[in-house]
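Please read the structure below before turning to the comments.
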Amino acid sequence: MKQVFGKTKVLSANPTHYCPGCDHGIVHRLIAETLEELEVADKAIGIAPVGCSVFAYDYFNIDFNQAAHGRAPAVATGIKRTRPDSIVFTYQGDGDLAAIGTAEIIHAANRGENITVVFINNGIYGMTGGQMAPTTLVGMKTQTSPYGRDAATMGSPIRVSEIIATLESPAYVTRVTVNTIANQMKAKKAIKNAFTLQKEKKGFSFVEVVCICPTNWGKKPTDAHKWLAENMLPVFPLGTFKDIHGIEKA
Amino acid sequence: MAKVLMKGNEALGEAAILAGCRYYFGYPITPQSELPAYLAKRLPQVDGVFVQAESEVSAINMVYGAASAGARVMTSSSSPGISLKQEGISYIAGAELPCLIVNVMRGGPGLGNINPSQSDYWQATRGGGHGDYRTLVMAPNSVQEMADFTLAAFEYADRFRNPVLMLSDGVLGQMMEPVVMPSPKDYDIDSKKWALGYTGKDKTARNLCTSIFMGQEELEEHNWSLYQKYQVITDFFKANKELAVEEYLCDDAEIILVGYGIISRILKTVVEKCRKRGIKAGLVRPKVLWPFPSEIISKLADKASKFLVVEMSYGQMVEDVKLAVEGKKPVYFFGRTGGAVPSDFEILNEVDKIVRPD
Ligand SMILES: Cc1ncc(C[n+]2csc(CCOP(=O)(O)OP(=O)(O)O)c2C)c(N)n1
Ligand code: SF4
Ligand SMILES: [Mg+2]
């Protein structure tokens, strides 16, 4: 029988601790497949954040650093400056990247660090039990916005990709999602573009992935993916905001 | 090598390069600015990397990253900035990474002022950040030692896989003195086989840098191994007394003055003036503040009858001296803050009050 699909050897054999139906696992696979296809796994260094993906290092067979909450882009800067030929990426949630780590991501992007950032926007603090994130939709109920997010006092969802795209230095800024197989394939393409640019030393690449957190959204994974399409995507439109080398057309 | 006239901060910077340090990450703050200014010029000349970070928080995390990738790396700041670095220092200690952190102390609390001070002793020697960890703390007292201690600091950091903190102050950082630069050391990044990105043929498994140990047993085991390492560091300095302390005229001393850093230079003058007046004074100067040279001070407490600790704070190291003396003899204290550097005359007055109480 002809094998048409297999698990990449860049993923480890460890069972993940993610909730059933969580998108983290899908994005891990897309990254791992990309590292294998680009033949860079042996020189790849990942940086795990603080958040549900804190143990990401257990699921990849590559060198890994575990950073403090929000600081992954600074840690990546230190690693990449030391080992410019390695392939360095951070994997960060929305609390990590868009709240406590806002300064680190903006400035790493603005310096044009030759790294890749994969940003998991699930609109919530997953790990700590479902508190409001900077990306939580207006009206959405969370543990710390029990009456719904009130834009007047809690602000509105931050669109990080759009902000990063206003900077001169970043090479590639795009937003994808993984709610359908077709979208997973597009997300894979975006992640591959990002790592390809890094491999070619063409600068900072940023891939935002709009994801679900079925557990803290209180929804079944299938319902959550539907809810994402109807509610998250109008606020976080998919698309590419910056592509200075035209890699998507290449 | 010939003697050159240099500022303390610059001597430290040049010594870092001689030690093989090629990576500096920092954020501007007075009174340490000469150090990053010097390295911003020098590092590109030796294929090194200088990054002005967006904050001290980012700078220390860049250090964490670079150290995890095997670099000889440093950062520097002054008191308020060192407070911001504490979370990162805790991670670096937890992940057992070597690096140099320089604190050119200024007055606090809060924004305080930019004058020299010694009020970060507790923060430096008690960890500063969260968790059960220690940093090795060195306290130079001259421009020459700013250079020499820097070379030693990188060696200790690598040898013990531990962050080393250089506790300097605004006077030492900015004063000029003649200095003979130490000889350069070779540094090979591939000597650290545990480093991320190490690609040697002998690499059999992937490398991981982390400070998270979720299981209770796992973390207890990790903390125990850290504790044992701290014992090794302590024993090292016990066995190499000359690296840990300077003793001056202590053999027959009745009163022993204790001070570190710039204060110890003034105390030496005070001891000499005391001797001229017939007061048998001596000086103990810790060069390493953690591990504290308790044993040496404890032994001196069997002979001398009194101690006077002088600091540019309202009394921090004095607690370690009291712990070492164990109540065997009285321990007096004199301190000034806010940038006031006590004069030899003021301290002499204090000695007089203690030895001639009438
Ligand atoms: C300095 C610090 N503050 C707070 C926390 C607690 N904390 C752990 S995870 C987390 C939120 C993570 O949310 P996010 O980045 O959105 O990741 P997710 O779990 O949703 O994937 C917080 C606040 C911490 N570990 N460190
Ligand atoms: S809490 Fe949410 S983000 Fe975290 S693993 Fe569960 S579903 Fe995924
Ligand atoms: Mg989240």
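In segment A:102-125, the residues that are hydroxyl-bearing (Ser, Thr, Tyr) reach residues that are near ligand 3 (Cβ under 10 Å from one of its atoms) and in a helix (DSSP H, G or I) with C-beta atoms within less than 6 angstrom, at least six apart or across chains, in these pairs: A:Tyr125/A:Gly95. Picking from A:Gln143, A:Gln66, which residue would you name as being more than 16 Å from ligand 2 (Cβ to nearest atom) and over 18 Å from A:Val207 (Cα atoms)? Checking each option against the conditions leaves just A:Gln66. Number of residues in segment A:113-135 that are more than 9 Å from ligand 3 (Cβ to nearest atom) and farther than 23 Å from A:Ile31 by Cα: the value is 6. Residues in segment A:160-175 that are in a loop (DSSP other than H, G, I, E, B) and of a type outside the set (Gly, Ala, Ser): A:Thr166, A:Leu167, A:Glu168, A:Pro170. Out of curiosity, is A:Ala152 outside any loop (DSSP other than H, G, I, E, B) and either touching a helix residue (DSSP H, G or I) at 6+ places or on another chain (Cβ under 6 Å) or farther than 21 Å from A:Cys211 by Cβ (or both)? So A:Ala152 fits the description; yes.
Restricting B:Ser68, B:Ser58, B:Ser90, B:Ser77 to residues that are touching a strand residue (DSSP E or B) at 6+ places or on another chain (Cβ under 6 Å), in the same structural domain as B:Thr150 (by TED's automatic domain parsing) and crowded, with 20+ Cβ neighbours inside 10 Å narrows the list to B:Ser68. Looking only at segment B:142-165, which residues are more than 21 Å from B:Ile89 (Cβ to Cβ) and not in a helix (DSSP H, G or I)? Selection gives B:Ser142 alone.
Taking each residue of segment B:35-51 that is closer than 21 Å to A:Arg83 by Cβ and looking for partners that are among the β-branched types (Val, Ile, Thr) and not in a strand (DSSP E or B) with beta-carbon atoms closer than 8 Å, six or more apart or interchain, yields B:Leu39/B:Ile17; B:Leu43/B:Ile17; B:Val46/B:Ile17; B:Gly48/B:Ile17; B:Val49/A:Thr82; B:Val51/A:Thr77.
Please determine whether any residue of segment B:163-174 is surrounded by fewer than 22 Cβ atoms within 10 Å (Cβ to Cβ) and at pLDDT 95 or above. Within segment B:163-174 (the criterion being surrounded by fewer than 22 Cβ atoms within 10 Å (Cβ to Cβ) and at pLDDT 95 or above), the answer is no, since none of the residues qualifies. If I ask for residues that are within 11 Å of ligand 1 (Cβ to nearest atom) and out of contact with any His (no Cβ under 9 Å at 6 or more places or on another chain), which ones from segment A:49-60 would you list? Scanning segment A:49-60 gives a single hit, A:Val54.
What helices (runs of 4 or more DSSP H) lie completely within segment B:53-141 and have 3 or more residues being within 17 Å of the chain's Cα centre (by Cα) and under 19 Å from B:Leu289 (Cα atoms)?
It comes to B:79-84, B:86-94, B:121-125.
No other residue among A:His24, A:His28 is crowded, with 24+ Cβ neighbours inside 10 Å, within 16 Å of ligand 3 (Cβ to nearest atom) and under 22 Å from A:Lys186 (Cα atoms) apart from A:His24. Would segment A:208-225 turn up any residue that is of a type in the set (Asp, Glu), closer than 18 Å to A:Thr102 by Cα, within 16 Å of ligand 1 (Cβ to nearest atom) and more than 14 Å from chain B (Cβ to nearest Cβ)? Yes, segment A:208-225 contains a residue that is of a type in the set (Asp, Glu), closer than 18 Å to A:Thr102 by Cα, within 16 Å of ligand 1 (Cβ to nearest atom) and more than 14 Å from chain B (Cβ to nearest Cβ).
Remark: pairs (first residue in segment A:208-222, touching a residue at least 40 places away in the same chain (Cβ under 8 Å); second residue more than 11 Å from ligand 3 (Cβ to nearest atom) and assigned to a strand (DSSP E or B); Cβ separation under 7 Å; 6+ apart in sequence or on different chains) = A:Glu208/A:Arg175; A:Val209/A:Val118; A:Val209/A:Val176; A:Val209/A:Thr177; A:Val210/A:Arg175; A:Val210/A:Thr177. Cβ-Cβ distances below 9 Å connect the following pairs, each with a first residue in segment B:57-68 that is at the interface with another protein chain (Cβ under 7 Å from one of its Cβ atoms), a second residue that is assigned to a helix (DSSP H, G or I) and polar (S, T, N, Q), and a separation of six or more residues or different chains: B:Ser58/A:Thr77; B:Asn61/A:Thr77; B:Met62/A:Thr77; B:Gly65/A:Thr77; B:Gly65/A:Thr82; B:Ala66/A:Thr77; B:Ala66/A:Thr82; B:Ser68/A:Thr82.
Evaluating B:Ala304 against the criteria (1) surrounded by 16 or more Cβ atoms within 10 Å (Cβ to Cβ); (2) within 18 Å of B:Arg126 (Cα to Cα); (3) in contact (Cβ under 8 Å) with a residue 40 or more places away in the chain leaves one unmet condition, (2). Could you go through segment A:192-215 and let me know if any residue there is more than 18 Å from A:Glu33 (Cα to Cα), within 16 Å of ligand 2 (Cβ to nearest atom) and assigned to a helix (DSSP H, G or I). Scanning segment A:192-215 turns up at least one residue that is more than 18 Å from A:Glu33 (Cα to Cα), within 16 Å of ligand 2 (Cβ to nearest atom) and assigned to a helix (DSSP H, G or I).
The values are calculated or read from the model by the stated rules, or taken from the named source; none is laboratory data. On a predicted model such as this, the values are computed, not experimentally measured, just so you know. For neighbour counting, all protein chains shown are included, and Cβ atoms are generated from backbone atoms with ideal geometry for every residue, glycine included.
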